[in-house]
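Novice: Quick one: structure below, then a few questions.
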Amino acid sequence: MAKRPDGDGTIRKRTDGRWEGIIIVGHKADGNPIRKSVFASTQKELLPKLHQLIEDYRGVDLTEESSMTLGEWLESWLERYSKLNIRQSTARNYRYELNRVKRYLGDKQIKRVTTADIQRMYNQLKKNGRVVPNDEMGTSLADSSVRRTHMFLHEALDAAVRERLIPKNPTNGTVIPKPNYKDMQVLDDEQLDRFMEAIMKEPVWYDFFYTEITTGMRRGEICGLKWYDFDEKHGTLRVRRSVSTGKGGVLEIGEPKTDKGKRTIVLPPSTADLLKERKKTAMTDWIFPSLLCPENPVAPNSAYQRLKTILRQEGLPMIRFHDLRHTFATHALKNGVDPKTLSGILGHTNASFTLDTYTHITDDMKRNASSVVGGFLTNILGEDLKPWQKDEKRAQEA
């Protein structure tokens, strides 16, 4: 006979001799209950399992869709939820992550996916997640790639919790690699001078790279500029779209990376004058059109390849395109542009993100500020009254 323990569960001894604990975890569309069970060899062993089950599902009322597989849910989530809120390039990346997860856990019912299952998948991805081995890493997946898979899955399973498919997100409690991004590379003063001299030899690309190095725009943003974004009278440039390369090399035009990415940049006079001259001979709506198909914007990959060619020819460090943005920001900070203003130029979410990103520069600025304050106090208090010198003198005498 079934017995009811403390709480909302029911226990019974099965005909095979095992003990089963049963709780109701939800209801189907017709009102019939959805049950979940745990098993043990004895009633004593069963009770703690059942109490934990009750605790895990407390306040939960799942729907019958909780029987769908994880792969089915990820497909549904990507179609119904994400496509309305993300850029094309992000949707494409999500599809890649979806296929990666489906290879490991796609056929398992979403309600049965555990934290241990997901942790095993992360470990396997790190060790053998690369489908096509390369010389540097073999089949091992980069830490950043495992983190991207985790962020995708965490977001999708958070939505599953809200939709009452699972009681809690099983990605919580997993261990993922720490951020391991490549250090930013910045052209120093001498290298930047050489780079500026190098692009002067590039009549086709000079305007493009000069605009980039004086604004710090993201690669897709500068490729996506149109002439009506340029206010010739006020010398400003609006960033309103971004170009990315989709499947089969097809260019996709979407919005900037973040809401703050939509911004208006006040141009240096030299850059504004350069664009004024360029506009006089413009044959297309794009400020930087494709060389082969002027009705299209220049492809981000083409800009990247041209940058690499210039760097190689001049013997400069083989920086990434994004490092041109870092170079602009670093030199701007060193030359007195305040972080809040720079944050607006770069399209960062807030000034604190800018400070965190360029902490190596702001540390130098703090040291410079300290020496300025020290000199200021010396002028007011005199050499003998500098408190830090007194502390040093005491320490030496001791």
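Novice: Give LYS28/LYS168; LYS276/LYS334; LYS260/LYS334 a once-over and call out the pairs whose C-alpha atoms are over 21 Å from each other. Before the final figure, lay out the partial values.
Specialist: Values: LYS28/LYS168 19 Å; LYS276/LYS334 29 Å; LYS260/LYS334 24 Å.
Exceeds cut-off: LYS276/LYS334; LYS260/LYS334.
Novice: A further question follows. Rounded, prolate or oblate: which fits the stretch 184-327 when a ≥ b ≥ c are the square roots of the eigenvalues of the alpha-carbon gyration tensor, with rounded for a/c under 1.5 and prolate only if a/b beats b/c?
Specialist: On the way: a/c = 1.39, a/b = 1.20, b/c = 1.16.
The shape class here is rounded.
Novice: Right, another one. Ordered by residue, what ³J(HN,Hα) values in Hz, to whole numbers, does the stretch 243-249 give under the Karplus form 6.51 cos²θ - 1.76 cosθ + 1.60, where θ = phi - 60° and Gly and Pro are x?
Specialist: 3J(HN,Hα) across the stretch 243-249, in whole Hz: 9, 9, 9, x, 4, x, x.
Novice: Filter the cross-link list LYS102/LYS182; LYS233/LYS279; LYS126/LYS178 down to pairs whose alpha-carbon distance in this structure exceeds 21 Å.
Specialist: Numbers: LYS102/LYS182 29 Å; LYS233/LYS279 13 Å; LYS126/LYS178 12 Å.
From the list (LYS102/LYS182; LYS233/LYS279; LYS126/LYS178), the Cα-Cα distance tops 21 Å for LYS102/LYS182.
Novice: Quick one: among PRO33, PRO256, PRO48, which has the greatest mean-square fluctuation in a GNM of the chain with alpha-carbon springs under 10 angstrom?
Specialist: Its mean-square fluctuation being the largest, the pick is PRO48.
Novice: Here's something else I'd like to know. To the nearest 0.05, how large is the calculated FRET efficiency for TYR206 and GLU72 if R₀ is 56 Å and r is the Cβ-Cβ distance? Walk me through the intermediate numbers first.
Specialist: Working: r = 53 Å, r/R0 = 0.94.
Efficiency, from the Cβ-Cβ distance: 0.60.
Novice: Can you put LYS49, LYS36 in order of Cβ neighbours within 10 angstrom, beginning with the fewest?
Specialist: Working: LYS49 16, LYS36 20.
By the 10 Å Cβ count, ascending, the order reads LYS49, LYS36.
Novice: Between GLN88 and TYR304, take the C-beta separation as r, use R0 = 22 Å, and let me know the FRET efficiency to the nearest 0.05.
Specialist: Numbers: r = 19 Å, r/R0 = 0.87.
Using R0 = 22 Å, I get an efficiency of 0.70.
Novice: Now a separate question. Using the per-residue mean of other Cβ atoms lying within 10 Å as a proxy for protection, in what order, highest first, do the peptides 68-78, 273-283 fall?
Specialist: Values: 68-78: 20.3, 273-283: 12.1.
Top to bottom by mean Cβ count within 10 Å: 68-78, 273-283.
Novice: Now, a different point. Taking square-rooted eigenvalues a ≥ b ≥ c of the alpha carbon gyration tensor, is the stretch 48-136 rounded, prolate or oblate, where a/c under 1.5 means rounded and, failing that, a/b exceeding b/c means prolate? Don't skip to the answer; put the middle values down first.
Specialist: Working: a/c = 2.79, a/b = 1.39, b/c = 2.01.
Oblate shape, in that a/c is at least 1.5 and b/c is the bigger or equal ratio.
Novice: With labels modelled as points extended 7 Å from the Cα through the Cβ direction, what inter-label distance (nm, one decimal) is found for SER41 paired with LYS127?
Specialist: Roughly 3.0 nm, to one decimal.
Novice: For THR63 and PHE353, FRET efficiency with R0 = 56 Å and r from the beta-carbon atoms, rounded to 0.05? Show your work: numbers first, answer last.
Specialist: Numbers: r = 39 Å, r/R0 = 0.70.
E(calc), rounded to 0.05, equals 0.90.
Novice: Helix-only mean residue ellipticity at 222 nm, the chain, DSSP H runs n ≥ 4 weighted -39,500 (n - 2.57), per residue, nearest 500. What is it? The partial results should precede the final answer.
Specialist: Working: 15 runs with 189 residues, N = 398.
Computed ellipticity for the chain at 222 nm equals -15000 deg cm²/dmol.
Novice: Follow-up question, since we're still on this one. Quick check: pseudo-label points 7 Å beyond the Cα along Cα→Cβ at GLU295 and THR15, how many nm apart are they?
Specialist: Going by the 7 Å Cα→Cβ label model, 7.4 nm.
Novice: Can I ask one more? Quick one: helix 322-334 against the long Cα principal axis of the chain, what's the angle to the nearest 10°, folded into 0 to 90?
Specialist: 60 degrees
Novice: Follow-up question, since we're still on this one. Using modelled amide H (1.01 Å from N, peptide plane; none on Pro or chain starts), what sits under 5 Å from the amide H of SER242, excluding residues fewer than 5 places away?
Specialist: Amide H neighbours of SER242: GLY254, GLU255.
Novice: Which whole-Hz ³J(HN,Hα) couplings does the stretch 100-113 yield from phi under the Karplus relation 6.51 cos²θ - 1.76 cosθ + 1.60, θ = phi - 60°, glycine and proline marked x?
Specialist: Per residue, the Karplus-derived 3J(HN,Hα) values read 5, 5, 4, 4, 9, 10, x, 8, 8, 4, 4, 6, 9, 6 Hz.
Novice: Also: Show me, for the stretch 91-96, the HN-Hα J-couplings you get by feeding each phi into the Karplus relation (A = 6.51, B = -1.76, C = 1.60, θ = phi - 60°), rounded to Hz, glycine and proline as x.
Specialist: For the stretch 91-96, the Karplus curve yields 4, 5, 5, 5, 4, 5 Hz.
Novice: May I ask you to order 298-308, 321-331 by the average number of other C-beta atoms within 10 Å around their residues, highest value first?
Specialist: On the way: 298-308: 18.5, 321-331: 20.9.
Those peptides, ordered most packed to least, come out 321-331, 298-308.
Novice: Specify which labelled value, from [x] -0.55, -0.87, -0.96; [y] -0.27, -0.58, -0.72; [z] -0.34, -0.69, -0.83, agrees with log10 I(q)/I(0) by the Debye sum over Cα atoms at q = 0.07, 0.10, 0.11 Å⁻¹ derived from the coordinates of the model shown.
Specialist: Step by step, log10 I(q)/I(0) by the Debye sum over Cα atoms at q = 0.07, 0.10, 0.11 Å⁻¹ for this structure corresponds to label [x].
Novice: Scan around ILE265 for amide H atoms under 5 Å from its own, H built in the peptide plane at 1.01 Å from N, and keep only partners 5 or more places away or cross-chain.
Specialist: Residues meeting the criterion, in which the H sits 1.01 Å from N, are LEU237, ARG238, VAL239.
Novice: Starting with the highest mean, order 21-27, 98-104, 55-61 by the number of other Cβ atoms within 10 Å, averaged over the residues of each peptide. Write down the numbers at each step before the final one.
Specialist: Details: 21-27: 19.6, 98-104: 17.4, 55-61: 12.4.
Per-residue Cβ counts within 10 Å, averaged per peptide and sorted highest first, yield 21-27, 98-104, 55-61.
Bear in mind these aren't lab numbers, they're just calculated from the coordinates by the rules spelled out. Fair warning: this is a prediction, and the values are worked out from it, not measured in the lab. All Cβ positions, glycine included, derive from the backbone under ideal geometry; neighbour counts span all protein chains shown.
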